[in-house]
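Comments concern the structure below.
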Amino acid sequence: MDRLRSSAIRDLLTLTARPDIVSLAGGLPDPAFIPRDRIRQEMDRVLTDPGSVQYAETTGILALRKVLADREGARLGRLLDPAEVVVTHGSQQALSLLAQALLDPGDTVVVEDPAYTGALQVFRAAEAEVVAVPLDEDGMDVSVLESMLTQGLRPAVVHTVANFHNPRGVVLAADRRARLAQLADSYGFWVIEDDPYGELWFEAPTPDPVAALSDRVVRLSSASKILAPALRVGWLHGPREVCQAVELLKQGADLCGSSLTQQVAAGLLADGPWLAEHLTELRGRYGARAKVLVAAVENEFAGIASVSPAVGGMFCWMEFYGHTASPVDTSVLLQTAIEHGVAFVPGAAFGVGADLSSQLRLCFATSSEDVLVDAVRRLRGAYDGSAAESVVQS
Ligand code: PMP
């Protein structure tokens with residue numbers, strides 16, 4: 001327990017639930033985009049089956065594993081057997097069970113820097129040694145990983161959010177995916193390809209998954225961002241021995257997931273025409289918000305900070321330039337920002353080794369265009385306020 005820290009983001013969510021604060025902090029889908037009517041219809045339909053309120057198979061109901069095997073198999077470009085799929089309580093549970101299955105205390109895990117905080121919590125709880133590899137505009141810098149391996153690093157697991165990284169927003173380039181897959185094969189580590197955002201592309205679909213390129217990959221995805229987080233339906237697929245280990249651990253963790261929400265998810269994911277239309281709509285709506293947020297930041301912070309182009313997912317990443325007399329510390333800025341009625345996640349919350357104190361994550365998914373523009377104005381007000389304060393203090 002000594003190694004565990006509360007997630008800065010979960011803590012912020014409590015604070016930012018205040019109605020006077022516009023939160024760009026959490027990674028929450030807009031409830032207005034969650035297909036509640038379609039979920040209600042499906043719920044009514046599945047409730048006519050007594051099995052929908054019964055315990056389920058530990059690895060998930062077969063109807064859902066079949067539709068997931070079809071969808072994931074299409075991305076891999078090969079047939080995927082439903083026995084190679086395990087449904088989990090959100091993809092977060094997949095991460096947690098995989099850490100138990102694949103790691104012994106003291107094993108090395110490579111993560112990206114900045115990293116997904118939920119993965120850091122899981123790997124720290126497993127008493128792993130966490131080693132960070134930097135990210136750039138093309139995702140994990142695989143050449144840095146390669147030189148670490150050449151110098152003797154022997155990770156058990158490499159974790160990557162290859163599509164629309166949380167928090168950085170970037171996509172792992174195709175050549176880096178291929179190299180990562182080769183390195184996994186040569187050095188015998190597992191890759192956890194953690195992909196809850198891949199379907200939310202705004203301009204072009206993402207490159208082939210790393211799982212299509214090596215058998216040493218366990219791929220995770222989720223219904224949270226495309227259907228609803230409250231379904232708590234996530235999944236993993238990978239080699240059978242990994243699925244079997246996860247199944248054993250899941251028996252001890254929760255016996256099984258919810259038959260009810262799994263049947264609902266199966267119904268929605270199997271309804272091809274509806275799903276295609278729903279995804280097109282989500283991409284359009286989130287893409288429009290991303291554009292507005294990026295433009296607002298570019299406008300309000302010209303010459304002060306840069307913002308990453310948002311090409312998918314839910315986040316963009318802002319970095320204050322270091323040329324000003326008093327460099328911005330975003331953890332300090334957050335306090336002033338809250339007084340101005342806006343919240344974000346400071347970069348330091350995601351840092352492993354890197355100094356991310358001048359950076360921050362903004363979520364464009366939860367708020368409408370107007371609110372996003374207003375939030376960025378408030379952020380500019382907070383920046384001006386804290387700059388004035390630091391002049392007074394110095
Ligand atoms: N992986 C990443 C990279 C995430 O951003 C999240 C959610 N924020 C998850 C996994 C877990 O999501 P869920 O359990 O809802 O599928």
Counted residues in the range 110-125 being within 18 Å of Arg154 (Cα to Cα) and surrounded by 24 or more Cβ atoms within 10 Å (Cβ to Cβ) come to 4
Quickly run through the range 73-106 and pick out the residues that are within 16 Å of the ligand (Cβ to nearest atom), closer than 22 Å to Asp208 by Cβ and not aliphatic (A, V, I, L, M). Ser91
Taking Gln151 and the conditions (1) under 22 Å from Asp107 (Cβ atoms); (2) touching a Leu at 6+ places or on another chain (Cβ under 9 Å), which numbered condition does it fall short on, given that it satisfies the others? (2)
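How many of the residues in the range 48-72 are within 16 Å of the ligand (Cβ to nearest atom) and within 25 Å of Gly252 (Cβ to Cβ)? Reasoning before the result, please.
Our first condition is that a residue be within 16 Å of the ligand (Cβ to nearest atom); within the range 48-72, this holds for 60, 64, 68, 71-72.
Subset that is within 25 Å of Gly252 (Cβ to Cβ): 60, 64, 68.
Count: 3.
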Filtering the range 23-43 down to residues that are of a type in the set (A, V, I, L, M), farther than 17 Å from Met318 by Cα and either within 15 Å of the ligand (Cβ to nearest atom) or under 21 Å from the mean Cα position of the chain (by Cα) (or both) yields Leu28, Ala32, Ile34
Search the range 226-240 for residues that are buried (at least 24 other Cβ atoms within 10 Å of the Cβ) and pair each with any residue that is modelled with pLDDT under 95 when their beta-carbon atoms are under 9 Å apart and the residues are at least 6 apart or on different chains. none
Do the conditions hold for Arg283, that is, is it farther than 28 Å from Leu102 by Cα and in contact with a strand residue (DSSP E or B) (Cβ under 8 Å, 6 or more places away or on another chain)? yes
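State the number of residues belonging to the range 107-140 that are among the aromatic types (Phe, Trp, Tyr) and more than 11 Å from the ligand (Cβ to nearest atom). Break it down into steps so the answer makes sense when it comes.
Of the range 107-140, the ones among the aromatic types (Phe, Trp, Tyr) are 116, 123.
Those still in the list that are more than 11 Å from the ligand (Cβ to nearest atom) too: 123.
Of the residues in that region, 1 qualify.
Does Gly27 qualify as being in a loop (DSSP other than H, G, I, E, B) and under 22 Å from His159 (Cβ atoms)?
On the way: in a loop (DSSP other than H, G, I, E, B): yes; under 22 Å from His159 (Cβ atoms): yes.
When the stated conditions are applied, Gly27 passes them.
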Just checking, does the range 176-191 include any residue being surrounded by fewer than 21 Cβ atoms within 10 Å (Cβ to Cβ), assigned by TED's automatic domain parsing to the domain that holds Asp113, within 23 Å of Met140 (Cβ to Cβ) and hydroxyl-bearing (Ser, Thr, Tyr)? yes
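Take the conditions within 22 Å of the chain's Cα centre (by Cα), in contact (Cβ under 8 Å) with a residue 12 or more places away in the chain, within 16 Å of the ligand (Cβ to nearest atom) and assigned by TED's automatic domain parsing to the domain that holds Leu68 and apply them to Ala265. Does it pass?
Against the criterion (within 22 Å of the chain's Cα centre (by Cα), in contact (Cβ under 8 Å) with a residue 12 or more places away in the chain, within 16 Å of the ligand (Cβ to nearest atom) and assigned by TED's automatic domain parsing to the domain that holds Leu68), Ala265 qualifies.
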Could you list all residues from the range 335-349 that are under 17 Å from Pro19 (Cα atoms) and touching a Cys at 6+ places or on another chain (Cβ under 9 Å)? Phe344
Any idea which of (1) within 11 Å of the ligand (Cβ to nearest atom); (2) of a type in the set (A, V, I, L, M, F, W, C); (3) under 19 Å from Glu57 (Cβ atoms) is the one Val246 doesn't satisfy? (1)
Restricting attention to the range 30-57, which residues are in a loop (DSSP other than H, G, I, E, B) and without any contact (Cβ under 8 Å) to a residue 24 or more places away in the chain? Thr48
Looking at Lys250 and the list (1) part of a helix (DSSP H, G or I); (2) under 25 Å from Met140 (Cβ atoms); (3) touching a residue at least 60 places away in the same chain (Cβ under 8 Å), which single condition is not satisfied? (2)
Residue in the range 305-312 that is in contact with a Ser or Thr (Cβ under 8 Å, 6 or more places away or on another chain) and either polar (S, T, N, Q) or farther than 21 Å from Arg71 by Cβ (or both) present: no
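The values are calculated or read from the model by the stated rules, or taken from the named source; none is laboratory data. The shown structure was predicted, so the numbers you read here are calculated from the model rather than taken from an experiment. Ideal geometry is used to build each Cβ from the backbone, glycine not excepted, and the neighbour counts take in all protein chains shown.
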